[in-house]
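The values are calculated or read from the model by the stated rules, or taken from the named source; none is laboratory data. All of these numbers come straight from a predicted model, not from anything done at the bench. All Cβ positions, glycine included, derive from the backbone under ideal geometry; neighbour counts span all protein chains shown.
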Amino acid sequence: MEDSESQVSSTPNLNASKAPQKVEVVVQSPNAQGEINITAELAIFLLRIGFCLFMVHHGLEKFQDPEGFAEFVVGKYLGFLPGNPVLWTYAAAATQIICPIGLAIGFFARISALGLFSTMIFAVYFHLIDTGLEGFPLAVVENHNYNFELSAIYAAIAFYFACAGPGRLAAFRKTNTITYYPKSES
């Protein structure tokens, strides 16, 4: 009996520590050998950088005449937004300048893309209210483009980056490590 008590007392208690244990799980890509499709990564990189440059351009345009944009776009078509239309114009312009920088370098890329996606959804809404569907998808329109077309394409690109992230060619690329703290059994 005495031997069994000494065995019990000499066994370390693994749950005695109050601090949770850190567990890291590395999630491997389907290409476990480390193969990278460089053509695809370059295409994603060029799409991301080109998209970001166009978004900055649109943001700078809003800063050129914020009162005009506020009056003829925000005030007229987005009147359901609370507050001063000029503030919404500055918010859209700032989003279209700050978020592309984050997305371009990969810093908070998905959140940046989500900000751009939400801005483009408002742009699509504006164009649809202003000109309607214009016979989409089969009509041939006067300017050869539907007015909402460019905004819809920008929204789709932003949605892609919000879901997929910036790709491998980004300065602040997310690692594939998941850290979690399991519950203790005490």
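Of ALA93, ALA104, all but one fail to be at pLDDT 95 or above, surrounded by 12 or more Cβ atoms within 10 Å (Cβ to Cβ) and in contact with a Phe, Trp or Tyr (Cβ under 8 Å, 6 or more places away or on another chain); the exception is ALA93.
For region 111-136, give me the residue count where each residue is within 22 Å of PHE45 (Cα to Cα) and either among the aliphatic types (A, V, I, L, M) or at pLDDT below 95 (or both). Before you say what the answer is, go through the steps one by one.
Let us first name the residues in region 111-136 that are within 22 Å of PHE45 (Cα to Cα), namely 111-120.
Add one more test, that the residue is either among the aliphatic types (A, V, I, L, M) or at pLDDT below 95 (or both), and what stays is 111, 113-114, 116, 120.
The number of residues fulfilling the criteria is 5.
Candidates are the residues of region 30-45 that are more than 16 Å from ILE157 (Cα to Cα) and outside any loop (DSSP other than H, G, I, E, B); the one that is modelled with the highest pLDDT is THR39. Taking PHE54 as the residue in question, decide whether it is among the aromatic types (Phe, Trp, Tyr) and outside any helix (DSSP H, G or I). Considered against the rule, which asks whether it is among the aromatic types (Phe, Trp, Tyr) and outside any helix (DSSP H, G or I), PHE54 comes out as no.
Figure legend. Inter-residue proximity from region 95-111: first residues in a loop (DSSP other than H, G, I, E, B), second residues aromatic (Phe, Trp, Tyr) and surrounded by fewer than 17 Cβ atoms within 10 Å (Cβ to Cβ), beta-carbon distance below 6 Å, spacing 6+ or different chains. Indicated pairs: GLY106/PHE172; PHE107/PHE172.
Taken over region 72-88, the criterion of being farther than 14 Å from SER118 by Cα and part of a helix (DSSP H, G or I) is satisfied by PHE72, VAL73, VAL74, GLY75, LYS76, TYR77, PRO85, VAL86, LEU87. Look at region 112-126: where a residue is farther than 12 Å from ILE157 by Cα and a partner is among the small types (Gly, Ala, Ser) and surrounded by fewer than 20 Cβ atoms within 10 Å (Cβ to Cβ), sitting 6+ places away or on another chain with Cβ atoms under 8 Å, you get VAL124/ALA152. Does region 72-85 contain any residue that is among the basic types (Lys, Arg) and within 12 Å of the chain's Cα centre (by Cα)? No, there is no match, as no residue in region 72-85 is among the basic types (Lys, Arg) and within 12 Å of the chain's Cα centre (by Cα).
Please work out which residue is modelled with the lowest pLDDT, limiting yourself to region 137-186 and to residues that are part of a loop (DSSP other than H, G, I, E, B) and in contact with a Lys or Arg (Cβ under 7 Å, 6 or more places away or on another chain).
Quick first cut of region 137-186, residues part of a loop (DSSP other than H, G, I, E, B) only: 137-148, 165-176, 181-186.
Keeping just the survivors that are in contact with a Lys or Arg (Cβ under 7 Å, 6 or more places away or on another chain) gives 165-167, 181.
Values: GLY165: 91, PRO166: 93, GLY167: 90, TYR181: 60.
Here the answer is TYR181.
From the list GLU67, GLU61, GLU71, the lone residue that is among the acidic types (Asp, Glu) and surrounded by 14 or more Cβ atoms within 10 Å (Cβ to Cβ) is GLU71.
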